[in-house]
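Every number in this text was worked out from the coordinates using simple rules, so none of it is lab data. Just so it is clear, the structure is predicted and the values come from calculations on it, not from any experiment. For neighbour counting, all protein chains shown are included, and Cβ atoms are generated from backbone atoms with ideal geometry for every residue, glycine included.
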């Protein structure tokens, strides 16, 4: 069986690239196709030295730094890949990869991280954060996103099987594309986050400080709880707002960006990890549980597939300081077994992901 893996782009080793890594581990004979490949040499180890096939966008002016600005050309570029020689095509899609064209006799399984977020329900947030709500640039952006929505829905009919990375994304797929999907959670390196039974008296939130992560409301909640210590790890464009929300509270400590061993140690030692974002899935949530550390999370999005209250943590139902404070106080009344947290995390291991994807392909070929 000849296999192709199709992915949007390679520029950093993040969540979707971890999916590609495990697909390549399960189908090591596969050819890899991406729109552009600017992955730094230090992060290319997961490719195993294999050649990467790219599209015409690789050669466009200023593509190395600004390839995302060619968004309007990406549907055309993905359709130019010749898949005719492959029996199995696996696409890893958060934008256009699922639009690769296949024919009769070929099996196309698309692993969907999300429908094109900025073209659907997050359009207004995207335009606002990009400063394109008004004017000619805003008008052009709205026109482009309208055309992308049309293409996104029409190309969603192409894959034979659609796989969603969470129940939340399966719901978004049904809403945007009117398609059913199979849920296979993404792979998490739970082996790197070892179980630690003993905990210290602090709460942890670790994340990029960008608006949708809502770190500022976690800071504001703990600023009102002087007896509860919070450690904040990470940096980003929203850091000034987070520090303002903390209001100089002595129980809140900013660590900035830390090396991976220190992050693992903090996660292992924390009384609980707190997450306030509405995530598509939430890999950091699984990593916390792998350490035996309970999770207090906003009860929407991918977290609902991961956290099992009250055995492994709690949900709060609004992105407000008041809701987080109330959840922390409820958490203080619980006794949670770190081993139960670890057992829940192991459901999302890399081995479990590969086995699930192999079953999806085998079932579709029957």
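Numbers for the structure displayed
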| item | result |
| --- | --- |
| Theoretical gain in end-to-end length, residue 212 to residue 174 [0.36 nm per residue, Cα-Cα removed] | 11.4 nm |
| Most mobile listed residue (314, 144, 230) in the chain, GNM with C-alpha springs under 10 Å | 144 |
| Difference of contour (0.36 nm per residue) and Cα-Cα distance, residue 247 to residue 235 | 2.6 nm |
| Whether the stretch 190-348 is rounded, prolate or oblate, judged on the alpha carbon gyration tensor where a/c under 1.5 counts as rounded | rounded |
| Of 324, 169, 336, the one that fluctuates the most in a GNM where the chain has Cα springs shorter than 10 Å | 336 |
| Most mobile listed residue (103, 135, 299) in the chain, GNM with C-alpha springs under 10 Å | 135 |
| On Cα atoms only, tilt of 167-177 relative to the major axis of the chain in degrees | 40 |
| For 357, 60, 1, order by how many other beta-carbon atoms lie within 10 Å, fewest first | 1, 60, 357 |
| Förster-model FRET efficiency, 30 Å R0, residue 136 and residue 53, C-beta, rounded to 0.05 | 0.25 |
| Order of 33, 146 - criterion: other Cβ atoms within 10 Å of each residue's Cβ, fewest first | 146, 33 |
| Degrees, to the nearest 10: 260-269 long Cα axis against longest axis of the chain | 50 |
| On Cα atoms only, tilt of 350-365 relative to the major axis of the chain in degrees | 30 |
| Residues residue 14 and residue 366, FRET efficiency given R0 of 25 Å [Cβ-Cβ distance, rounded to 0.05] | 0.15 |
| Residue order, fewest to most beta carbons within 10 Å, for 280, 235 | 235, 280 |
| Nitroxide proxy distance, nm - points 7 Å out along Cα→Cβ at residue 64 and residue 192 | 2.7 |
| Label point distance in nm, residue 80-residue 300, each placed 7 Å from Cα along Cα→Cβ | 4.0 |
